[in-house]
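One structure is given here, and the rest of the page talks about it.
Where a number appears in this text, it was derived from the coordinates with a stated rule and is not lab data. From a predicted model like this one, the values you see are computed outputs, not experimental measurements. Here the Cβ is made from the backbone with ideal geometry for all residues, glycine too, and neighbour counts use every protein chain on show.
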């Protein structure tokens, strides 16, 4: 589909960009060397310089391997730290060069107008925005290996490097250079690894740090821009909101409880109420309007009269008095919700707290209406308008929290509640039809299953306590505090009904003749099979009178689709095709019943887990599946990468909204022919078979995976609070998708991002010409090929083959490696033949350069990691060796910038 909206920032020629990148990386390398020499002495600097020189002469040079084979554990730690820091600094150098490129091409200015530009290009009025609902959802999935201290240090180095983009006087340039040395030296002295496992509280704190410093300011700036450019200072719909799983994602995580939910919401509330109070205080400074010169409405005077301001200097300033009252009520609200007054308060407030965000919004509207009636709209200013917009979008919770739990857990809870209620029913042994009938019967009346006198299992008690916390949250923050109740592993209709029965136990769902639910249930379709059956399950749900009543007069049903588990289940092509087919079928199922569809995309950072440019992914969605509504997970390292600073956060947020608008309102291209659909289905089926044959049907493959990748070391990393595996087994089926992808990335296979494509082409009997035709007919297939080519470019079969040698004792290990290499080489041939290229990514020179730069930075880390892993595999249990391996993992992950 040819989009009228250019989402990619205009790029200068690769030669100019390369020059800036090389200059930045060389400077940062010099500063790092200077810091190592200054802090650790000449011997340390000489060791690092020798290794860097060996690496620059060829990452797989024999003398590099010889050097690493002789290093002691403490020297290995020094080298691992040095190369890891080099990787981080190289990324900063590239990013700063990219921002220079964007500034020179006026790309930032263009990006700031993308929503307005989309409206103009599509010949739409502002009311086209009314139906938009775009929500990036932050998750705590453990793919961010960097500590928050490192992220903050990198941000400061990036800021200083950005200052050097301009021609500066020598004395100022020297001062910035010295500040740069200090920051790099502090980075060198900052511990790269976490000595203890990260907690849920840590994850909440880390994510909110980014929200506070970049995402929220970007959101504020966007609403101000949209108001000015789209509605000439008027209101725009709350089309962009923020969501979170932090503190609410219980799936496979016993550490997420009612207490973590309370902590998350309390912390979120603190951030947004502090922001509101700061903005109200600024308005208070602005609106020193005396009633001697300008009148005010009765409603504004009533607010002013309610204030308790003892100052005799403000008796004739009704706007200031009114805003003083609003500020004090906000502070009291913070005391009630967050346990302490807002940061700007001098002490506890004596005013009543707001019961709901709507009351706060109403007071702000009172101020605005008075200004309009007494003085004119031009006195309002952008600050008040923007504050109103943000308050409507964020409420007192800021991030709409999702709850998530596995369908198997719900089934056990319902079974225990029924058994403890005295009913002589073995719920677990019932057929699906019998379960549905029983569950509908329970919701047809108000009788609770839960009894205060019953003794429940630890699991049931914990789950019910969490749901009680959710009910408390609705009372405190309002019904918009929760985004959805996501049901993992949804495979049947009963999987959607069971959480409703559980919600009914705490008052979040009411049955009877007119059933209602405060929290909507969103099924998560994760496996290839679940994606195929999902539309049928959705149809069964929507046909129920219960569903029709709960969804209301303007029904919208959300369905979440998972890219990660479906990829681990069936490979890259089958997963992507399964998601696309499911989306189309889900849209048709909803359309046939007059229900709107909202798809929630569970994407990760890597290609294998649905990663890639978010806006481009939206534009490549099947026709009629976006419908103005989209939620999308933002996970791990991608949160800092996409939202780590305000300009980047703003650019990514707006491009996402613009893409949703464009995908929704642009006339779709003609439907692909039946022959094209059949070819795509044949490719997906063939790819599924090729992938399953390797991963699940090849003898010894599981042992090969555990030996040839650093999975054993990764599961011991303290990068997330969630367990790496659902059980204690080594089965791939039980391993979570994130460590699966993470391990292949570390060993430079990148297997989840491409394996099965070439085998699928062969099994389907497709020619290069047919594949080229498919890429023209299908935006989806063109995007699939584009992302696959990136994964192929990031892989390195030479380095991967060395990791495979770690599995020398695994039966058939060499044959497995040969099969992987053959599939890789054939996939490269096909990708180039379909596109007509001669080198991977040669149609995207900036991206090609970025991949090559990352490879140059991480290659020596891979070779060092290989040496250390081989020692570990031989039984060396030295603690410094273990820490050195963890440092190499952190360095490779930071350099590649997509771990999982």
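A few comments on the model shown:
- DSSP finds beta bridges in the chain, and of those with both partners inside it, around 10 percent are antiparallel.
- Label of the coordinate-derived value, Rg and Dmax of the Cα atoms in Å, listed as [x] 46.6, 182; [y] 28.5, 91; [z] 30.3, 119: [y]
- For the peptides 345-356, 754-765, the ranking by packing is 754-765, 345-356, with the highest mean count of neighbouring Cβ atoms within 10 Å listed first.
- Contact order relative to length of the stretch 789-900, as percent, for alpha carbon pairs under 8 angstrom and 6 or more apart: 27
- Relative packing of 35-48, 616-629, which averages over residues the other C-beta atoms within 10 Å, highest first: 616-629, 35-48
- Sorting 81, 177 by the number of Cβ atoms found within 10 Å of their own Cβ, with the fewest placed first, yields 177, 81.
- Across the chain, Cα pairs under 8 Å and at least six residues apart give a relative contact order of 18 percent.
- Rel. contact order, % - alpha carbon contacts under 8 angstrom, at least six apart, the stretch 675-896: 25
- Packing-based ranking of 435-444, 404-413 yields 404-413, 435-444, ordered from highest to lowest mean Cβ neighbour count within 10 Å.
- Three-way shape label, the stretch 224-382, alpha-carbon gyration tensor, a/c 1.5: oblate
- Our helix-only sum for the chain, with -39,500 (n - 2.57) per DSSP H run of n ≥ 4 divided by its residues, gives a mean residue ellipticity at 222 nm of -20000 deg cm²/dmol.
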